[in-house]
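Below is one structure, written out as C-alpha cells, with a few remarks after it.
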Amino acid sequence: MGAMPVHTAKRIKMRFDSRLDKIKIYEAGKPIELVVREYGVSSDKIVKLASNENPYGCSPKAKKAVCDIVSNMAIYPDDSMYRLKQKLAGRFGVDESELIIGSGSDQVIELLMHAKASTGSKILINSVTFAMYEIYAAHVGAEVVRTATLHHDLDQFYDLYKVYNPSIIFICTPNNPTGDAIESQKLLEFLHKIDSETLVVIDGAYMEYAAAKDERYAVDAAQLIAEFDNLIYLGTLSKAYGLGGMRVGYGVAQSEIVTALYKLRAPFNITTLSLEAAIVALEDVEFVDQSIALNAEQMSRYESFADRHNIEYIYSYTNFITLLFQEPLNSSDIALSLLKEGMIVRDLSGYGLNAIRVTIGTSSDNDRFFDLFKRLL
Ligand SMILES: *Cc1c(COP(=O)(O)O)cnc(C)c1O
C-alpha cells in the first residue's frame, strides 16, 4: 500500500496493545499514483476498476454545489446534519432520530462494534465478505465466527448463531466481494428467529443496484427497523451515488441504537463539503438512475464475455463482477499482468479465492479490460 510506512534501520521498542498484533492493515484498491510510480504506466492510460466507484463520477449538481460553498471552509460543519438527515429521513420514510451519519458507512461499522462488542464477544460473518468487519472486530478484541460457504447461507448463520450466541451478526447484501444477494423474504424469515439482544447489521452498500435489478432482493430499511428493534441498516454514498471521495455513509435503526452510537461518535465527523455533496446527490435521482442503467448494460457485456471465454463468474447484483478461475489460471498473476498494463482490478487470493473482482467501468474502460484480458488468455 502506498502510504504504508517504510521500515528504517532504527526500530523503536515501544509496545502496543496486543490486539494490534492480530490486525492486518487493510489494503484498499491501489491508488492510480502508485501504479504510475511502480510500473511507469502514464496516468492517462490507467483504468481503475478496483474499488467499486461510480465510473460516471457523481451528480454534476453535487459538484457545483460543493464549488459554490468552498469558501465556507473556516466554519465547522452543522453537527446536527439537519438537512442531510431530512433528506435521508424522507427517502427511507424514517424519523431523523433513527439516523446516524458516518465518515463512510465504515465509520458506522466501527461505532457499532465499539458499542456492542468487546473482548471475548463473538461476531458472526459470512465466510467471504467485507474485510472491515473482521478488522473492526479485532479492534475491540472480539472473535470472528464465519460460515463455511461462499454465498450467504442463512441456515448456517442460524446454526452458528445458536452455538456461539454472537453479539453482532453481519449480513452483507449484496455481498462484497462476491456480488450475490439475499432474497428479502428469506432475510425476514431469518431475522424473526434472532433474539433481540443480538445486533443484526444489514450492510446495503450496493442495495441501489440490487433493488433496480430485481425487487425481490430489495430491502426496505424502514420496514426492517419498524419490525426489528435489534437491527441496523447501513448505506453509503460511496457507490451508486459516486461520492467515495467525500466519505458519507449512514445507519438506520431505532433511536435507542442510534443514541448508543452517538455516545461514541466524534463531533463534526463529516465535512461541510461532504454534507453539501451528499444532500444534493440524494436529490439528483436522475444521475443515480442513469448510472444504474448504464451499469446493467455494461454488466451484461461482462457476462457474455465470460461465457464466451468459459470463465466462471458469480451472478452479480452490484457494480462489480467476480470472475472465478481454474488452475492453471491464477488470479494473482492475472491481476499483476493487468496492473503492468495499467488496468487495476482486485485480486481475491487474500480471501482464499482464485478470483478477481472487477468494477464495471464505462464502455471504453470495459473494452480495454476485455482487450487486455483476451491477450492474457
Ligand atoms: C464500500 C463498502 C462500504 C463502505 O464504504 P464507505 O465508503 O465507507 O461508505 C461498506 N460495506 C461494503 C460491503 C462496501 O463494499
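Every number here is computed from the coordinates shown, using simple stated rules; none is lab data. This structure is a prediction, so every number in the text was calculated from the model and none was measured. Glycine gets a Cβ as well: all are built from the backbone with ideal geometry, and neighbour counts include every protein chain shown.
Among the residues of the range 190-244, those identified as in a loop (DSSP other than H, G, I, E, B), more than 16 Å from the ligand (Cβ to nearest atom) and closer than 15 Å to Thr318 by Cα are Asp214, Ala218. Among the criteria (1) β-branched (Val, Ile, Thr); (2) touching a residue at least 40 places away in the same chain (Cβ under 8 Å); (3) within 25 Å of Lys122 (Cβ to Cβ), the one Ile202 does not fulfil is (2).
Is it true that Glu110 is free of Cβ contacts under 8 Å to residues at least 12 places away in the same chain, within 26 Å of Tyr262 (Cβ to Cβ) and in a helix (DSSP H, G or I)? Against the criterion (free of Cβ contacts under 8 Å to residues at least 12 places away in the same chain, within 26 Å of Tyr262 (Cβ to Cβ) and in a helix (DSSP H, G or I)), Glu110 does not qualify.
Scanning the range 67-89 for residues that are part of a helix (DSSP H, G or I) and either crowded, with 20+ Cβ neighbours inside 10 Å or within 23 Å of the chain's Cα centre (by Cα) (or both) returns Leu84, Lys85, Lys87, Leu88, Ala89.
Consider the range 155-185. How many of its residues are touching a Leu at 6+ places or on another chain (Cβ under 6 Å) and charged (D, E, K, R)? Qualifying residue count for the region: 0. Within the range 161-179, the set of residues being closer than 15 Å to Lys122 by Cα and either of a type in the set (Val, Ile, Thr) or touching a residue at least 12 places away in the same chain (Cβ under 8 Å) (or both) comprises Tyr161, Val163, Tyr164, Asn165, Pro166, Ser167, Ile168, Ile169, Phe170, Ile171.
Screening Ala65 on (1) away from the ligand (no atom under 13 Å from the Cβ); (2) without any contact (Cβ under 8 Å) to a residue 60 or more places away in the chain shows it passes everything except condition (2). Criterion applied to Arg308, Arg346 was being under 18 Å from the mean Cα position of the chain (by Cα) and of a type in the set (D, E, K, R), and the one residue passing it is Arg346. Scanning the range 38-90 for residues that are hydroxyl-bearing (Ser, Thr, Tyr), closer than 27 Å to Val285 by Cβ and in contact with a helix residue (DSSP H, G or I) (Cβ under 6 Å, 6 or more places away or on another chain) turns up Tyr56, Ser59.
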